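Q: Here you go, one structure.
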Amino acid sequence: MHVVKASDQSPPSLLSGDNRVRLEQWLAAQADASRVTVTEDGRLGGGAISLNLAVTLDVDGGPLTGRHACVLRAEGGGRISASIGKLREFVVLRAAFAAGVMAPEPLLGCDDPAVLGHDFYIMRRAEGLGAGHAVTRSEVAQPELARELGRQLGLLHRITPETEGLDRLGEAPDCPAQETLAQFRRWFGELARRDPVIAWGLRWLEVNAPLPGAVVLCHRDFRTGNYLVKDGALTAILDWEFSGFSDPMEDLGWFCARSWRFRRPDREAGGIADRADFYAGYEETSGRRVDPARVAYWETAAYLRWAAIAVEQGLRHSSGAERSLELALTGRMLPEIEMDMLRHLRAIGGMAVDSVASGAVEKVA
Amino acid sequence: MRANPDARGLLEIAATTFRADVLPHVAPEARFAALMVANALEIAERELKGLDAAGHSMLGALSLLYGEDADDALSGEDLRKRVEALQHRLCIEIAAGDFDNEGQDVLMDSLEAIVEARLGISNPKALG
């Protein structure tokens, strides 16, 4: 995501005039510094929902004294249903970083509207290539990268609702599958009575819903396109704005969904390697086995979730809330996402209806 | 009176010209936006040209389930309404569990054909 995209409109004057002064004063107070200077290095991509500004902080005094390449991440034009506020995102990032996950180090978070008007936080800037098409360009598979991503996800999934400092995230769901289904029904609303593919996806999720198992902190947008790679190695996992407590297998299903394989649909783990590489890394650090039937369930959920987000993005444009060609075109991706879901359901056909749920339960028990 | 060229004709030549004569000269920082413009123009062009054909394909797909003959005489608004009515009926039946135990193969064939018809307009490359 740290790629400047032409789709980003010229930055709103987030750091113009008084805003910059207020930000610098706030930072100095927070960082126990005598003075902080903020230099703007340009807007970063990945801004469909959030606003990402590259900034350099020059800090005089206090524990952060020195120069820091950072990203200021603020609430963007319109939050969509799946996203959490910037302060909750900051809290998640802090927990993930503390657990040893390769997330950008979060430095300071602010929910005082008097500073910039929006909630925002500042994290260290990571280097690397993020765009899905670039990451999946490699002729040869990248099993070590997939394994490392699995390890990172495993570390994240060691964080449970009991972990301190996560109160802001609210209650963990008793049954993630049922909660997700109810959420999807709300998101799709009337469309579920007009689009039979959506109707079938929802019905399938209902009939096959696994019984509740472990509930952990999930990234919920853990996929190719949302991590950075430099010289073939992982440098950072980004875009934590959908994070929340859920079934750990949800993140694995999302990662493996066709939608995020970009140039290499044949490489089922994020377009970079085989599932086995990714799963092996996950099992090294997570302390649990991958449950393929449960992953398949959550992969179906992944297509529906992505479909709901695409529909909502399209409506953000069509309703006039935020006119944008990128949002408009995202809305037109629905049939493509639905086709991916149908392909997935065909592929797992052998265990469709009844068998997934019971199989998953046996393995969990 | 219909102007000549009509909207479809204008869109077609605008999309072709944009791709051939404008896109190659667009600065890197505007390339993503330019590609989106080209994509949007082409979707609109395919929709103007192929909406009825897609509607007939969808009707054909739904007739797998309902045995209604795909009425070739329908077009425009009437065709759209017929497709919507059958899709609505199918949604209700799916939600009621009518396909939980049987008929899934035909349902899947029908759903795939419906999506293929829509993909033909929004992104034919994904038909693979």
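The values are calculated or read from the model by the stated rules, or taken from the named source; none is laboratory data. Fair warning: this is a prediction, and the values are worked out from it, not measured in the lab. Cβ: placed from backbone, ideal geometry, glycine included. Neighbour counts: every protein chain shown.
Q: Suppose we filter the stretch A:154-184 for residues that are surrounded by fewer than 15 Cβ atoms within 10 Å (Cβ to Cβ) and either of a type in the set (A, V, I, L, M) or within 14 Å of chain B (Cβ to nearest Cβ) (or both); how many remain?
A: The number of residues fulfilling the criteria is 1.
Q: Given the conditions (1) away from every other protein chain (no Cβ under 14 Å); (2) without any contact (Cβ under 8 Å) to a residue 24 or more places away in the chain; (3) surrounded by 14 or more Cβ atoms within 10 Å (Cβ to Cβ), and given that B:Asp72 satisfies all but one, which numbered condition is not satisfied?
A: (3)
Q: Mind listing just one residue for me: the one in the stretch B:91-113 that is in a helix (DSSP H, G or I) and over 17 Å from A:Leu205 (Cα atoms) and, of those, farthest from the other protein chains (Cβ to nearest Cβ)?
A: Among those that are in a helix (DSSP H, G or I) and over 17 Å from A:Leu205 (Cα atoms), it is B:Val106.
Listed here are the residues, each with its yes/no results for (1) within 12 Å of chain B (Cβ to nearest Cβ); (2) modelled with pLDDT under 95; (3) touching a helix residue (DSSP H, G or I) at 6+ places or on another chain (Cβ under 7 Å).
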{"position": "A:Met249", "(1), (2), (3)": "no, no, yes"}
{"position": "A:Val290", "(1), (2), (3)": "no, no, yes"}
{"position": "A:Val295", "(1), (2), (3)": "no, no, yes"}
{"position": "A:Arg323", "(1), (2), (3)": "no, yes, yes"}
{"position": "A:Met339", "(1), (2), (3)": "yes, no, yes"}
{"position": "A:Ala347", "(1), (2), (3)": "yes, yes, no"}
{"position": "A:Ala352", "(1), (2), (3)": "yes, yes, yes"}
{"position": "A:Ser358", "(1), (2), (3)": "no, yes, no"}
{"position": "A:Ala365", "(1), (2), (3)": "no, yes, no"}
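Q: Looking only at residues that are within 14 Å of chain B (Cβ to nearest Cβ) and among the acidic types (Asp, Glu) in the stretch A:192-236, which one is nearest to B:Leu62 (Cα to Cα)?
A: Top of the filtered list is A:Asp195.
Q: Would a scan of the stretch B:27-40 turn up a residue that is of a type in the set (Val, Ile, Thr), more than 21 Å from A:Asp340 (Cα to Cα) and within 11 Å of chain A (Cβ to nearest Cβ)?
A: yes
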